[in-house]
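Undergrad: Quick one: the structure is below, questions incoming.
The values are calculated or read from the model by the stated rules, or taken from the named source; none is laboratory data. Small disclaimer: the values here were computed from a predicted structure and weren't measured. All Cβ positions, even for glycine, are placed from backbone atoms using ideal geometry, and neighbour counts span all protein chains on display. Note: areas computed on protein heavy atoms with side chains; ligands, DNA, RNA excluded. Shrake-Rupley method; radii C 1.70, N 1.55, O 1.52, S 1.80 Å.
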Amino acid sequence: MKLLEKTSRIYLMASLVIYLAVGIAFYWIIKYMIYDEIETRLKVEMQDFESFIRSHDTWNNNSYFVENKIEVMPVSGEYNHAVVFKDTLLQNRYDEGIGPFRQLTFYTIIGGVPHRVSIRKSMIESYKLIEAISAAMVTFLCLLMISMFMFQRRLSGKLWKPFYDTLSIIKEFDLTKKEKLQLPQSEVTEFSELDDVLKKMADKMQHDYKSLKEFTENASHEIQTPLALINARVEQFIQSRDLSESHTYWIEEIYHASRRMSRLNQGLLLLAKIENQQFTDTEDLDLVDLLKNKLSDFEDILTHKQIDVKMDLRSSFQIDMSPSLADILLNNILSNAIRHNYANGQLFLESDENFLKIGNTGNELKADPERLFERFKKESAGAESVGLGLAIVKQICDNYALEIEYTYHETIHSIGIRQEVKGLTG
């Protein structure tokens, strides 16, 4: 969820709660004021009634109090001198409908006899007034809330525009290129400071990337050259007939160690290049076609180990990827499946849309499967393996947002690669 949308939702929810509370409070205040006004008028009517009784000492239901309904009933026994207000429903004298009334009840002496007097005032017009005020208030609050919401949204969008512009530029920024990060100027101090920090970070990243790229290129050349020279000289010594058996043994050990160091150097430098995304040339490739072509490169060793290849390649696997990295990816997985396979074993190739799996028969895995793709983690103890093959595979998959997993079922080791399908994830 975007920040602007989240703040708008929070503002809308807070406004609804506040306006609802204000509306309820306003309704009760209006109702209290109207009731207070009606009760005040009823008290005035009560004073007029008592003044009339004091002057005449009798009551004959004359039309003096024509505005209100007045009921006078004699009472016997004890009575309460309290003045009581309450709501009641009565038939209106002007029409035959039942309407709400506010009633004032008190006791007084008429002709020496205590009487209960009830003075009632119609609440129909008051309720209509409350309804009209409430409707006007709700309409006003709704219009106010909508107006404030739209204003706040437009204002927030305008205030946050420099941020989104900066974010868009950063998404398109490529540190592998020489162009400096250029960000638009903002009048907002916080955004201006953020742009300055981002520019400094981008410059530092470009400088570090350039330095690391130069180091890997120099290391690849400078280290590989003496290693190749050592291998060449050692091969000459091995082919010499003047060496004793013990000398030959130690020279062969040096030869194997130097070859292993050379492969180790190549693997680490390759990992560094992949991590720093130095393979920028990409093409739309089909990994299934590449896998079929790559399989022919291992035909001799497959025949030598008499490995039976079973293919269930149902669909192509299209991906925009560096051709050299795609070749390394498939080469490492296939070589790993063949190396750890036994004679007369089987090799399984399976593909579906956005899915590719390579499996092989083999002994049960002794290492922790979760650490299989870590650097220098290897199953065999052979001198030919440096433990970087699957680590390179994992790094390539991470660079292209590919999911990779290892499974083991009934002597079948499988490495599966899956591509996330755009538009199907939530």
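Undergrad: Give me a count of the residues in region 382-411 that are more than 23 Å from L285 (Cβ to Cβ), modelled with pLDDT of 75 or more and loosely packed, with under 14 Cβ neighbours inside 10 Å.
TA: 5
Undergrad: A further question follows. Filter region 290-346 down to residues that are of a type in the set (S, T, Y), within 17 Å of I417 (Cα to Cα) and under 36 Å from the mean Cα position of the chain (by Cα) and give me whichever is modelled with the highest pLDDT.
TA: Looking at the filtered set, the residue picked out is S322.
Undergrad: Condition first: part of a helix (DSSP H, G or I) and open to solvent by 30 Å² or more (accessible area, probe 1.4 Å). Now tell me which residues in region 87-139 satisfy that.
TA: I124, E125, Y127, K128, L129, E131, A132, I133, A135, A136, V138, T139
Undergrad: Assuming V66 fulfils every condition listed in (1) among the aliphatic types (A, V, I, L, M); (2) closer than 19 Å to M46 by Cβ; (3) modelled with pLDDT of 80 or more; (4) open to solvent by 70 Å² or more (accessible area, probe 1.4 Å) apart from one, which condition is it?
TA: (3)
Undergrad: Hey, does region 359-373 have a residue that's surrounded by 16 or more Cβ atoms within 10 Å (Cβ to Cβ) and either aromatic (F, W, Y) or farther than 15 Å from I415 by Cβ (or both)?
TA: yes
Undergrad: Assuming N341 fulfils every condition listed in (1) free of Cβ contacts under 8 Å to residues at least 40 places away in the same chain; (2) buried (at least 18 other Cβ atoms within 10 Å of the Cβ); (3) over 14 Å from K310 (Cβ atoms) apart from one, which condition is it?
TA: Result: N341 fails condition (3) only.
Undergrad: Also: Among the residues in region 163-180, are any more than 30 Å from E275 (Cα to Cα) and surrounded by 12 or more Cβ atoms within 10 Å (Cβ to Cβ)?
TA: Within region 163-180, not a single residue is more than 30 Å from E275 (Cα to Cα) and surrounded by 12 or more Cβ atoms within 10 Å (Cβ to Cβ).
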